[in-house]
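Down below is the structure, laid out as structure tokens.
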């Protein structure tokens with residue numbers, strides 16, 4: 001091209017681009033979402049569907065309600081959970097949290113950790129009690145009671161001609177089925193701002209005493225997981241009908257010192273009777289058009305105003321979901337000829353839905369969200385990045401900031417942990433609860449990789465539009481987080497700073513008292529302390545000398561002549577099969593993180609190749625595949641990035657409802673969904689300094705990738 005022509009073209013591009021005249025046509029987001037509408041045509045314990053608003057979720061079976069909870073016990077349970085719904089069994093032994101504390105002699109001093117005890121009995125019992133309490137509640141089960149012509153109650157085998165769909169564009173589950181030759185249609189929603197289920201039922205069975213709505217209150221099992229259908233302990237709790245009117249009832253559920261209410265409102269005449277213990281049955285009266293609707297609001301306090309109707313809730317839900325889907329980012333893979341593209345796009349859309357309804361409330365979420373309990377319903381802070389970092393990367397930082405505010409509320413407790421152990425700043429809890437209390441754990445107490453997450457997440461919020469207000473909002477916590485990190489590093493006789501001993505790395509196969517200088521944690525310490533220094537510079541403050549001392553003398557990333565090591569203390573990592581399982585976080589130093597100072601890219605390439613060929617992938621977890629895809633992208637291996645995201649192993653299985661299945665214990669795993677979205681952001685929008693278009697997708701002509709609204713990673 002002639003120089004004059006090049007100049008003319010450049011000028012025209014600069015003139016047209018600001019007005020979007022050269023941009024690709026915007027993605028039809030409604031079409032993108034609706035082509036992944038979930039369809040269910042048979043009972044399947046793993047195919048339960050949920051509606052929710054990020055703070056409250058309600059999971060249903062093929063009837064659109066929680067009619068057959070026992071059938072789903074070992075699949076996706078039919079949960080009703082809210083962020084505020086917690087309970088503790090009565091402490092009749094007067095335990096003190098200090099009784100779960102145990103001192104470990106590290107670097108010449110005794111450091112107390114809150115751990116699980118095997119003996120003596122008093123310490124073990126205290127640790128077990130604090131691990132179990134508080135636990136998240138299943139608030140109530142709302143189902144249909146369908147009466148057969150012979151007077152018997154229907155079983156799930158009596159439900160036929162099932163056609164159920166999850167409309168993610170409006171947040172509505174529509175369930176159609178036949179019961180003894182009679183059609184039943186159920187619409188199920190959750191209000192976008194309230195902990196309220198709204199349901200509409202249409203059937204000629206209404207008014208014939210053959211269809212009732214059943215509200216039951218389970219008792220918490222206090223076990224590692226709680227499916228919400230324990231009816232075996234009626235004498236240990238109370239359910240009281242506080243108020244009853246023609247179309248409304250207020251019911252209180254009381255367990256020990258916990259009390260909450262279910263505010264139940266229905267659209268027309270109906271008869272409410274108390275059935276068995278903790279069971280209430282609503283029988284609709286006959287209506288002209290065989291329609292009946294109701295709402296049920298769960299609340300820690302009695303509501304001060306009437307609940308909106310199903311109709312108003314449906315309208316509010318549709319508007320809230322339209323706003324969600326049309327804001328932030330979108331990725332469209334239609335037109336790709338790689339046969340894996342439709343499945344990857346399905347996972348992307350469903351993961352956006354599931355994290356929106358389960359993982360964007362006012363607290364860090366638990367790994368199984370608001371569906372059923374894992375680890376007694378407690379959040380794990382090392383998973384917070386995997387749950388929610390994608391919100392900022394997908395242009396929705398406000399959803400991430402909901403839970404970031406929690407750190408300020410619990411910072412005094414995190415500061416006390418650091419002080420108790422002889423460190424500065426705040427030490428963020430690993431396994432915690434909404435109040436920020438530390439749960440005993442012989443693994444979690446020694447994890448440290450949750451510590452820099454707050455700096456990373458705050459930095460993502462700042463990078464969204466470089467808003468100085470974000471710096472002011474989070475600076476104190478960023479600095480306190482960095483203070484702990486600098487004081488935690490131990491200076492050896494040679495003058496270098498070491499992490500450990502007395503830690504368990506993200507790859508939890510290593511013993512706390514034997515492990516030091518794990519590669520990911522070293523890289524994360526260096527990167528996050530550097531970001532904290534950048535925050536000081538942005539705010540016009542001087543460099544923190546204590547942080548810089550650690551940065552200048554922090555140990556190098558551990559390696560041998562061929563590969564990076566998972567830890568400096570693990571010289572036998574490549575000959576010991578035990579260290580080829582769990583998270584392959586040796587890759588995270590150049591993937592999850594940008595390459596830190598001194599990282600040898602060629603060495604990381606060889607490490608990646610070894611891990612890819614030799615790792616025990618069946619023994620990994622759901623976020624390991626996005627992690628691997630991130631590293632592959634930064635190393636310029638887009639084929640491997642796609643292969644990682646779609647690796648055909650059990651723990652990378654995404655169910656019909658979009659949940660990332662792990663095993664019989666963890667039938668859903670939201671860090672997998674959130675990690676997938678973070679990896680896709682990196683694979684599309686790239687990272688700082690990347691000049692490649694869609695760097696995580698192969699350039700073989702089989703991938704047509706259109707996206708908008710994504711933000712690059714650091």
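We did not get these values from a lab; they are worked out from the coordinates using the rules stated. Just so you know, these numbers come straight off a predicted model, no measurement behind them. So basically every Cβ, Gly included, is an ideal-geometry build from the backbone, and we count neighbours across all protein chains shown.
Tabulated data for the structure shown
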{"read-out": "Ascending count of other beta-carbon atoms within 10 Å, so fewest first, for 661, 104", "value": "104, 661"}
{"read-out": "Computed [θ] at 222 nm, deg cm²/dmol, the chain (DSSP H ≥ 4; -39,500 (n - 2.57); rounded to nearest 500)", "value": "-9500 deg cm²/dmol"}
{"read-out": "Pairwise FRET efficiency - residue 467 versus residue 73, Cβ, R0 = 45 Å, nearest 0.05", "value": "0.45"}
{"read-out": "Residue 712-residue 96 FRET efficiency (beta carbon distance; Förster radius 56 Å; 0.05 resolution)", "value": "0.70"}
{"read-out": "Protection proxy ranking of 679-690, 200-211 - average other beta-carbon atoms within 10 Å, highest first", "value": "679-690, 200-211"}
{"read-out": "C-alpha long axis of helix 601-614 to longest principal axis of the chain, angle in °", "value": "40"}
{"read-out": "Label-point gap, in nm, between residue 556 and residue 245 - each point 7 angstrom along Cα→Cβ", "value": "7.5"}
{"read-out": "Anisotropy class of segment 577-714 from Cα gyration tensor, a/c 1.5 cut", "value": "oblate"}
{"read-out": "Protection-proxy order for peptides 383-390, 31-38, each taking the mean of Cβ atoms within 10 Å per residue, highest first", "value": "383-390, 31-38"}
{"read-out": "Residue 537-residue 157 pseudo-label distance in nm [points 7 Å out on the Cα-to-Cβ vector]", "value": "7.1"}
{"read-out": "Cα long-axis angle, helix 121-132 against the chain (0 to 90 degrees, to the nearest 10)", "value": "70"}
{"read-out": "Net lengthening on full extension, residue 223/residue 28 (0.36 nm per residue, minus Cα-Cα)", "value": "65.7 nm"}
{"read-out": "Exposure proxy ranking, count of Cβ atoms within 10 Å, fewest first, for 479, 292", "value": "479, 292"}
{"read-out": "Hull volume in cubic angstrom per residue (convex hull over the Cα atoms of segment 155-207)", "value": "99"}
{"read-out": "Cα gyration tensor, segment 219-351 - rounded (a/c under 1.5), prolate or oblate", "value": "prolate"}
{"read-out": "From the C-alpha gyration tensor of segment 373-418, square roots of 5λ in Å", "value": "22, 16, 9"}
{"read-out": "Pair residue 511, residue 233: separation of 7 Å Cα→Cβ label points (nm)", "value": "3.7"}
{"read-out": "For peptides 189-196, 351-358, 86-93, 57-64, sequence by mean Cβ density within 10 Å, most packed first", "value": "57-64, 351-358, 189-196, 86-93"}
{"read-out": "The chain, relative contact order [Cα under 8 Å, separation at least 6], %", "value": "13"}
{"read-out": "Spin-label zone in segment 632-665 - amide nitrogen under 14 Å from a point set 7 Å from the Cα of residue 340 along the C-beta vector", "value": "632-633, 637-650, 652-654"}
{"read-out": "Tilt relative to the chain, helix 397-420 - C-alpha long axis, 0 to 90 degrees, to 10", "value": "70"}
{"read-out": "Length gained when the stretch residue 148-residue 193 is fully extended (0.36 nm per residue, less Cα-Cα span)", "value": "12.5 nm"}
{"read-out": "Mean projection area, nm², convex hull over Cα of segment 387-512", "value": "8.8"}
